[in-house]
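Everything below concerns the one structure shown next.
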Amino acid sequence: MVGNGKIRKWRFSLHKSSSPAEKLKPLDEFICPISGLLMIDPVVISSGQTFERRSVEVCRELNFVPVLAEGLKPDFSTVIPNLALKTAISNWCKSTGADLPSDAPDYSSIKDSVRKLMSNSSQGEGDSRFRDSEKDLLKGVAEKPPVILAHAATQLNPRSVHHRFYSSSSEESVIANIPDTPPLPLVTRPLCYSSSPSASTSSEIVTDETVDPNPNSSTSDVQNFSTKLQSLDVFKQEQSVILLRKLTRTDEEARVSLCTPPLLASLRQCLISKYAAVQTNAVAALVNLSLEKKNKLKIVRSGIVPPLIDVFKSGLPESQEHAAGALFSLSLEEENKTAIGVLGALQPLLHALHSDSERTRHDSALALYHLSLVQSNRVKLVKLSAVSTLLPLLETGLAGRVLLVLCNLAASNEGKSALLDSNAVESLFQKLRTENMNSAESTRENIVACLYSLSIGSMRFKGLARAARATEVLHAVAESGSERAREKAKRMLMMLRERDDGEEGRDWEALLEGGVSHTRYRGNSTGF
């Protein structure tokens, strides 16, 4: 029997039984979220979820990204076999007496299931919407008038220029979003932000006018703020934006209640102000508002990103620090990533990696990491020659964050080609060779992860790795690296050794993907 008959037989075999053992239902983890069938060839995708391989192939063909039950949107850009789950499913079938099909699910049947999901998604609301295309995302700002930013070449603050701005808010480590590992929690607040009320800035001026920071007072009313922010009296406008910044520094409720279209429209006008204190405090207030997840999408859809990018490119130095922090904060929202890339933030972010400000450099690097999780932005970064900008930064203090971006680029075909063409293999092996045991383990892990991504499906990798004397470095990692790094180093060594032994007939690419028998290569039969 062929076609749909196989699937009907499969489902029937799972439930048809007279024994108690065979009546057991499979675990939810064994069922493909798309097809609803027991998985025979489970694969892990870039965002960490597991699906039947054929379901992923159909979604790719139809250019469809489903919304899962928990509201997450999977990233199908990279597929890695989940050998551990495949073994678990096989063992479960043996222990319960359930039949495990020998063939993959019928393609046309899976296609019908996906089309049904697409139909349901197009009719739903909220979390069941399709992922916005670049055209749809730009539509939200198309009706906004273009803003041309002009800046006054004035001192940052004529009344006080010696005071430093906020201190770093987090020392959290970051781990690359490597293809076979779901994204781990990263720093979620930009370096320019601090919740400490004492961390004032050079542009936050104490005046004779009484300012009541109570969010319940009349001055916190959205209408009052909007009116004062648009005032022709620059002093009143300045005091209002300073108050807004103070209110939103630590008060989460104020951030949510004040983040309305009228206030954002008024704040947008302050971003293009020629007055230093107005502009700088406006961008800082925007950073504060963007810290709340509820606000992130609302801010981008308000049309405030274009003038924010203008400030980032040519604003005052302190304003640029805040602008980098705002772009990083906004890029944490999944639905903002494509829009921010389309609106032109990628090139300024790359340029800002060479900024004199450490805060600007680090927040820009993290913004690039989050934006490069999206395939469309990876393609744009390759066209912007991002690889040639990023590789030299491996020898700077930005190495850890730069590696995050390189790992994302290596997960795409365009990025992989650009990295191989730019001699990234030699650069990465040299960096791995010079990293000592006192270095951050995440840095070594990310280097190995990037190299491993480059090795998959690339006939050029072996020659480049040999020229870089990779074997000795990989042996060292396989002996003393972290568990994840050791596993990848062993797989790369296996691939290099396989071709050297003259076994031309063996498919080493399939070996990397888990498609070759593991009898000979013990220790590689489980996924990670």
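The values are calculated or read from the model by the stated rules, or taken from the named source; none is laboratory data. Computed from a predicted model, the values in this text were never measured in an experiment. A quick note on method: Cβ atoms are made from the backbone with ideal geometry, for glycine too, and the neighbour counts reach across all protein chains shown. Heads up: the accessible areas ignore ligands, DNA and RNA and are worked out on the full protein's heavy atoms, side chains in. Shrake-Rupley method; radii C 1.70, N 1.55, O 1.52, S 1.80 Å.
Annotations for the structure displayed:
- For the stretch 297-359, with +1 on Lys and Arg beta carbons and -1 on Asp and Glu, the positive-most of Gln320, Ser357, Leu332 along the dipole: Leu332
- Given Lys431/Lys490; Lys274/Lys313; Lys116/Lys294, the pairs whose alpha carbons are separated by over 21 Å: Lys116/Lys294
- When only alpha carbons of the stretch 266-423 are considered, Rg and Dmax amount to 15.2, 48 Å.
- Computed from backbone phi with θ = phi - 60° and the Karplus coefficients 6.51, -1.76 and 1.60, the 3J(HN,Hα) list for the stretch 295-302 is 8, 4, 5, 4, 5, 5, 6, 6 Hz; x is used for glycine and proline.
- Amide H contacts of Ile34: Glu52, each under 5 Å away and 5 or more positions distant or on a separate chain (H built 1.01 Å from N in the peptide plane; Pro and chain starts excluded).
- In percent, rounded to a whole number, the relative contact order of the stretch 353-491 is 20, using alpha-carbon pairs under 8 Å and six or more apart.
- Assuming charge only on the beta carbon of Lys and Arg (+1) and of Asp and Glu (-1), the dipole of the stretch 316-471 about its Cα centre is about 760 debye to the nearest 20.
- The HN-Hα couplings worked out from phi for the stretch 391-401 by the Karplus form 6.51 cos²θ - 1.76 cosθ + 1.60 (θ = phi - 60°) are 4, x, 6, 5, 9, 10, x, 8, 3, x, 6 Hz, whole numbers, x standing for Gly and Pro.
- Taken about its Cα centre, the stretch 239-336 carries a charge dipole of about 220 debye when Lys and Arg each add +1 at the Cβ and Asp and Glu each add -1 at the Cβ.
- List Ser231, Ser412, ordered by accessible area with a 1.4 Å probe, largest first: Ser231, Ser412
- Surface accessible to a 1.4 Å probe, Glu334 within the full protein complex, Å²: 80 Å²
- Top positive-direction residue, dipole computed over the stretch 438-498 with Cβ charges, set Leu464, Ser442, His475: Leu464
- Based on C-alpha pairs under 8 angstrom that are at least 6 apart in sequence, the stretch 291-417 has a relative contact order of 21 percent.
- Relative contact order for the stretch 376-452, counting Cα pairs under 8 Å that sit 6 or more residues apart, in percent: 34 percent
- Accessible surface computed residue by residue for the stretch 359-435, with neighbouring protein chains in place and a 1.4 Å probe, gives 30 Å² per residue.
- Cα-centred dipole magnitude for the stretch 245-284, charges only on beta-carbon of K, R (+1) and D, E (-1), debye, nearest 20: 220 debye
- Carbon + sulfur, % of accessible area of the stretch 237-277 - ligands and nucleic acids excluded, 1.4 Å: 52 percent
- Three-way shape label, the stretch 331-399, alpha-carbon gyration tensor, a/c 1.5: prolate
- Carbon/sulfur fraction of accessible area - the stretch 280-419, other protein chains in place, 1.4 Å, %: 51 percent
- Phi-derived couplings, Karplus 6.51 cos²θ - 1.76 cosθ + 1.60 at θ = phi - 60°, listed residue by residue for the stretch 33-40: x, 8, 7, x, 10, 4, 7, 10 Hz, with x used for Gly and Pro.
- Accessible surface ranking that places the most exposed of His354, His362 first, with a 1.4 angstrom probe: His354, His362
- Tyr275, Tyr369, ranked by accessible area, largest first (probe 1.4 Å): Tyr275, Tyr369
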